[in-house]
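**Q** Below is a structure I'd like to ask you about.
The values are calculated or read from the model by the stated rules, or taken from the named source; none is laboratory data. Here the structure is a predicted model, which is why all the values come from computation and not from measurement. Every residue, glycine as well, gets a Cβ built from its backbone with ideal geometry; the counts of neighbours run over all protein chains shown.
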Amino acid sequence: MCGIVAAVAQRNVQGILLEGLKRLEYRGYDSAGMSVMRDDTLTRHRAVGKVAALEKCLAESPLPGRAGIAHTRWATHGKPVEANAHPHHSDDRVAVVHNGIIENFEALKQELETDGYAFTSDTDTEVIAHRLAATLDDGATLFEAVQHSVRNLGGAYALGVMSPKEPDVVIGARQGSPLVIGVGIDEAFLASDPLALLQVTDRFIYLEEGDLVELKNGGHIHIVDRDGRAVERPVQIYEYADGAASKGDYRHFMLKEIFEQPAVIRDALEGRLGESSVLAESFGPDAPALFAKTRQIHIIACGTSYHAGLVARYWLERYAGVPVQVEVASEFRYRHPVVAEGTLFVTLSQSGETADTLAALRFAKGLGYAGTLAICNVPGSSLVRESDLALMTRAGPEIGVASTKAFTTQLVALMLLTLALDKSTEATGSDQAGIVAALKTLPDICRRVLALDNNIETLSQAFAEKHHALFLGRGAHFPIALEGALKLKEISYIHAEGYPAGELKHGPLALVDSEMPVISVAPNDALLEKLKSNLQEVRARGGELFVFADENVGIDDSEDDVSVLHLPHVHEAVAPLLYTLPLQLLSYHVAVLKGTDVDQPRNLAKSVTVE
């Protein structure tokens, strides 16, 4: 959601800014723009649509300069038109790019209009530009103007600011929306995601809540905290290769990331498994003590991460004997939860900057939880820094908006948590050794499933003209059905719903006919026979079945209305991870047939950093 790139260098920054925007396209956006300081004057281009439209403008009319800011916008206030695109100027005295939402912008706008400022957009961001201009007119430096202005901003923001008054300076500010500094040699950069800057540096400083930073020509970096005190934040080396931003030989990032899953699952397990148990210290040195006093768990997440939490509820209650609640973050933060003694608060997020999840964590800190644990993919993210414990999923950058490898590595992390909390022994029925053995073989078995890609592509052709689909699962595979439905609707725009198979007769069966394909996962577990009965209910109503089944399961596929794809047998505890893969591939191939934008589906953003 929205992207910021800024640079102060000894060289022309136009190319750096443009490449940074291209690397942020995965976040979702509907317009792009750039302002560059040229001969001590602000110059700007903005364009609706993809970054390619802005690139065309720059080819026709370049913006050379040694300082600049750029942005990709996802519309919140005002339609996606050029006038609403960033950067926003105030009479060319100041330029601003902004991620987030200013909740009190209407009151601020009224004040500024009373003072004579004319607004040319419908955005909340333009109030920031005019407030900065007013403060600069009173004699403040650019840094002082930003410091003064943000005190009156309600909501969330990450800002990049420039002014001809100080042509070799860029100011950044962060409150509720991520912002990182790229550290170069005699040059400095700013971005909402380090991925935007990997072409120029692998050294980053992650700004904390309330931080302001001044970047000057020559690589000067000056940071103050929310109280105005000068601070030093650590420089961190980005751990992932720059190649993560390339599709390589794959047609789409999503397909590449699906096929990366055996490798990232292996990475997620590396160093965290003993011979027959999980190393609880993997969660941090204080983890064993916190886990020892954990009596129940509260999991908070959004979207795909929420589905991972739902799977974990089955695992934690069955294998660890710990009661679990799972909630959508945007709901949790607005209710009044009752927290039992010994409750561990667990957050799940790919980016670690998901606005609702981060707000839920901050809300939870005053509610008496025993401790907080973040399961996340980004080491320097706010969620990780603000939690007592953290476990990195090690998925690497995920570019496709529809999450794939981030989901499966979250499941791995949640199974590790389950086993770390398991206080039973072999004598009392623990199967920890068996599950650990299954986890160790999982990467190789995933490769066998991905080798079925051509078969799944053939199945996908049956969906080319469909407008609805129903996904069924039972037990821990009900959330996998929810996730399969989410993937299909996200990238193919087919309306899809996930249901527990046992609920068919309570409503969804009314929808089943020859035009409603029904997709089911059928692992070889205790609920198999009940699932088979549910599938017969579908066939009796003329529905067409697509079943991803354990190779040892006997489901009759001799009739035209049933298609069965057999998957390798695995331990039922890790089966949800395995059965996720064919549903991802099915959604991908259907989307390709539909001709949709697989990596950047309409109206969606990769990193949801506003409420």
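**Q** If G434 satisfies every condition in (1) buried (at least 21 other Cβ atoms within 10 Å of the Cβ); (2) assigned by TED's automatic domain parsing to the domain that holds A263 but one, which is the exception?
**A** (1)
**Q** Pick from L198, L190, L215: which is closer than 30 Å to Y588 by Cα and of a type in the set (A, V, I, L, M)?
**A** L198
**Q** Shifting gears a bit: Is it true that G371 is at pLDDT below 95, assigned by TED's automatic domain parsing to the domain that holds A395 and surrounded by fewer than 24 Cβ atoms within 10 Å (Cβ to Cβ)?
**A** No.
**Q** Out of curiosity, is G20 within 24 Å of M254 (Cβ to Cβ), touching a strand residue (DSSP E or B) at 6+ places or on another chain (Cβ under 8 Å), crowded, with 24+ Cβ neighbours inside 10 Å and not assigned by TED's automatic domain parsing to the domain that holds E490?
**A** Taking the combined requirement at face value, the residue satisfies it.
**Q** Let me ask something else about it. What's the number of the condition T347 fails, among (1) surrounded by fewer than 24 Cβ atoms within 10 Å (Cβ to Cβ); (2) within 21 Å of V264 (Cβ to Cβ); (3) out of contact with any Pro (no Cβ under 9 Å at 6 or more places or on another chain)?
**A** (1)
**Q** Do you know which of the residues in region 130-171 that are assigned to a strand (DSSP E or B) and modelled with pLDDT of 95 or more is surrounded by the fewest Cβ atoms within 10 Å (Cβ to Cβ)?
**A** V169
**Q** I want to confirm something. Restricting to region 205-220 and keeping residues that are closer than 21 Å to G176 by Cα and surrounded by fewer than 19 Cβ atoms within 10 Å (Cβ to Cβ), which single residue is modelled with the highest pLDDT?
**A** By that ranking, first place goes to G210.
**Q** Any idea which of (1) in a helix (DSSP H, G or I); (2) small (G, A, S); (3) free of Cβ contacts under 8 Å to residues at least 40 places away in the same chain is the one G248 doesn't satisfy?
**A** For G248, the failing item is (1).
**Q** Looking only at region 274-284, decide whether some residue is assigned to a loop (DSSP other than H, G, I, E, B), under 30 Å from A402 (Cα atoms) and either among the charged types (D, E, K, R) or in the same structural domain as F478 (by TED's automatic domain parsing) (or both).
**A** No, because not a single residue in region 274-284 is assigned to a loop (DSSP other than H, G, I, E, B), under 30 Å from A402 (Cα atoms) and either among the charged types (D, E, K, R) or in the same structural domain as F478 (by TED's automatic domain parsing) (or both).
**Q** Among (1) surrounded by fewer than 24 Cβ atoms within 10 Å (Cβ to Cβ); (2) part of a helix (DSSP H, G or I), which single condition is V127 missing?
**A** Result: V127 passes all but (1).
**Q** If you go through region 165-202 one residue at a time, how many are touching an Asp or Glu at 6+ places or on another chain (Cβ under 6 Å) and without any contact (Cβ under 8 Å) to a residue 40 or more places away in the chain?
**A** 1
**Q** Another question about this same structure. Since P285 meets every condition but one in (1) surrounded by 22 or more Cβ atoms within 10 Å (Cβ to Cβ); (2) without any contact (Cβ under 8 Å) to a residue 40 or more places away in the chain; (3) closer than 29 Å to A437 by Cα, which condition does it not meet?
**A** (1)
**Q** Continuing with the same structure: Looking for something surrounded by 19 or more Cβ atoms within 10 Å (Cβ to Cβ), in contact (Cβ under 8 Å) with a residue 40 or more places away in the chain and within 30 Å of the chain's Cα centre (by Cα) - is there at least one such residue anywhere in region 46-58?
**A** Within region 46-58 (the criterion being surrounded by 19 or more Cβ atoms within 10 Å (Cβ to Cβ), in contact (Cβ under 8 Å) with a residue 40 or more places away in the chain and within 30 Å of the chain's Cα centre (by Cα)), the answer is yes, since at least one residue qualifies.
**Q** So which residues in region 23-47 are within 18 Å of L195 (Cβ to Cβ) and either assigned to a loop (DSSP other than H, G, I, E, B) or not assigned by TED's automatic domain parsing to the domain that holds G100 (or both), if there are any at all?
**A** L24, G28, Y29, listed by residue number.
**Q** Any residue at all in region 370-393 that is closer than 24 Å to T441 by Cα and in a helix (DSSP H, G or I)?
**A** No, there is no match, as no residue in region 370-393 is closer than 24 Å to T441 by Cα and in a helix (DSSP H, G or I).
**Q** I'm trying to understand the selection: among the residues of region 298-327, which are without any contact (Cβ under 8 Å) to a residue 60 or more places away in the chain and not in a helix (DSSP H, G or I)?
**A** Within region 298-327, I299, A301, P323, V324, Q325, V326, E327 qualify.
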